[in-house]
Amino acid sequence: MNIYKDKVAIVTGAASGLGKTLGESLAASGAFVVLADVNTDGVQEVAAGIRGKGQNAAAATVDVTDFEAVKGWVERTVEEHGRLDYLFNNAGILIFGEARDCSIEDWRSVIDLDLYGVVNGVVAAFPLMVEQGFGHIVNTASVEGLAPFPVMGSYVASKYGVVGLSHALRAEGAALGVKVSVACPGYVTTKIIETSKMVKIDRGKILASLTDSMGVSPEECVSRILRGVERNRATIVIGWWAKILWRLQRLSPGLVYWIMRMVTNQMRKSRIPSG
């Protein structure tokens, strides 16, 4: 059964990467997708491409760090369509750098978008879903929300927060008709690493550490996310090495800590003195 047909789905961070693929896949499954991004031209182009295939999509310029903007946009979506079936809190950024090198502005920019962007979506949509008696919130976290990766502390802090929030909210929503899932992909072959800010980190070193066998395409990642949502999975871990690392973290945190210390030592060998 296609659970997305004739449903209303909101996707944030929809101008590119995983958000773009989520929007396109949901629309292809028969949903009316409402796409949001701060990149006006990009999100409008994605929506136009979906409509060009005879599918249903609308686009809006929304900064998910602005709660009032998110709340107003979610409420308008419900007013226009009479319901909200899915909210995919997907918008996010990544900054690489050791804690000793990153500024407070670096920390704030990641946490404001990656964690508070999700919180804003939840606070705006969860009460409406409770009121209507149904809905499914899907938060995009990462394997970095399940294991403590070095040189990306702000991202790890945000994603651990998203995982914890999702699990707590799932318990609250269960008896109220609202489902909650969190997606935790490993390496997805988008351009996020190529475009992310690097603070005294060698971008080439990061890219060289990621083999083709470790990665999944955005299309495969989205397929697994949507399959997990169909099955109402609490935590949707994507990628073979992400699943192994997740299990290791649960079984032997000390071993994972040792591995991450080795990773840190390797990263420091190519540390850039400035910039």
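The numbers here are math on the coordinates, done by the rules we state, and not lab data. Worth saying up front: this structure is predicted, and the values here are computed from it rather than measured. With ideal geometry, Cβ positions are generated from the backbone for all residues, glycine too; neighbour counts draw on all protein chains shown.
How high is the relative contact order of segment 8-268, given as a whole-number percent (alpha carbon pairs under 8 Å, six or more residues apart)? Provide the component values of the computation, followed by the final result.
On the way: 485 pairs, mean separation 45.4, N = 261.
Normalised by residue count, the contact order of segment 8-268 is 17 percent.
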Theoretical ellipticity at 222 nm over the chain - DSSP helices of four or more residues, -39500 (n - 2.57) apiece, nearest 500: -16000 deg cm²/dmol
Placed amide H near Val199: partners under 5 Å, 5+ positions off or other chain: Phe96, Gly97
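Please work out the FRET efficiency for the pair Ala48 and Ala28, using the Cβ-Cβ distance as r and a Förster radius of 22 Å; give the result to the nearest 0.05. Provide the component values of the computation, followed by the final result.
Details: r = 15 Å, r/R0 = 0.69.
Working from the Cβ atoms, E equals 0.90.
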Where the centre of each part is set by its Cα atoms, how far does segment 124-141 sit from segment 206-220, in angstrom? 31 Å
Approximate spin-label separation Arg271-Leu176, in nm, with each point projected 7 Å along Cα-to-Cβ: 4.6 nm
Derived scalar couplings ³J(HN,Hα) [segment 82-88; Karplus, 6.51 cos²θ - 1.76 cosθ + 1.60; whole Hz; x for Gly, Pro]: x, 5, 9, 8, 9, 10, 9
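Exposure proxy check: Leu255, Leu248, Leu18 ranked by fewest other beta carbons within 10 Å?
Exposure proxy ranking, most exposed first: Leu255, Leu248, Leu18.
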Toy charge model, Lys and Arg Cβ at +1, Asp and Glu Cβ at -1: segment 60-177 dipole around Cα centroid in debye, rounded to 20, equals 320 debye
At 20 °C and 1.002 mPa s, the Stokes-Einstein diffusion coefficient in µm²/s for segment 8-268, with hydrodynamic radius from the Kirkwood sum on alpha carbon pairs, is 115 µm²/s
Which of Ala48, Tyr155, Ala124 sits closest to the plus end of the dipole of the chain, meaning its Cα is farthest towards the positive end, when Lys and Arg get +1 and Asp and Glu get -1 on the C-beta? Tyr155
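Counting Lys and Arg as +1 and Asp and Glu as -1, each charge on the Cβ, what is the dipole of the chain about the Cα centre in debye, to the nearest 20? Intermediate values should be presented prior to the final figure.
Working: 29 positive and 27 negative charges, 239 e Å.
With Lys and Arg at +1 and Asp and Glu at -1, about 1140 debye.
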Once R0 is set to 25 Å, what does the formula 1/(1 + (r/R0)^6) return for the Cβ-Cβ distance between Val130 and Ser223, expressed as a FRET efficiency to the nearest 0.05? 0.30
What aspartates and glutamates could a cross-link reach from Lys243, if we take a straight Cα to Cα line under 20 Å and drop same-chain neighbours fewer than 8 places away? Glu144, Asp212, Glu219, Glu220, Glu230
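Which order do Tyr4, Tyr116, Tyr257 fall in if you start with the one that has the fewest other Cβ atoms within 10 Å? The partial results should precede the final answer.
On the way: Tyr4 21, Tyr116 18, Tyr257 12.
So the ranking, lowest neighbour count to highest, is Tyr257, Tyr116, Tyr4.
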Karplus (6.51, -1.76, 1.60) ³J(HN,Hα), θ = phi - 60°, over segment 54-70, in Hz, Gly and Pro reported as x: x, 9, 10, 7, 10, 10, 8, 8, 9, 8, 5, 7, 9, 4, 4, 5, 5
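Which loop-located trypsin sites (Lys or Arg not before Pro) does segment 77-130 contain, where loop means any DSSP state but H, G, I, E or B and the Cβ has at most 10 other Cβ atoms within 10 Å?
Numbers: sites: Arg83, Arg100, Arg108; in loops: Arg83, Arg100.
Passing both the DSSP loop test and the Cβ count: Arg100.
Over segment 35-149, what is the relative contact order in whole percent, taking alpha-carbon pairs under 8 Å and six or more residues apart? Before the final figure, lay out the partial values.
Working: 121 pairs, mean separation 32.3, N = 115.
Relative CO of segment 35-149 lands at 28 percent.
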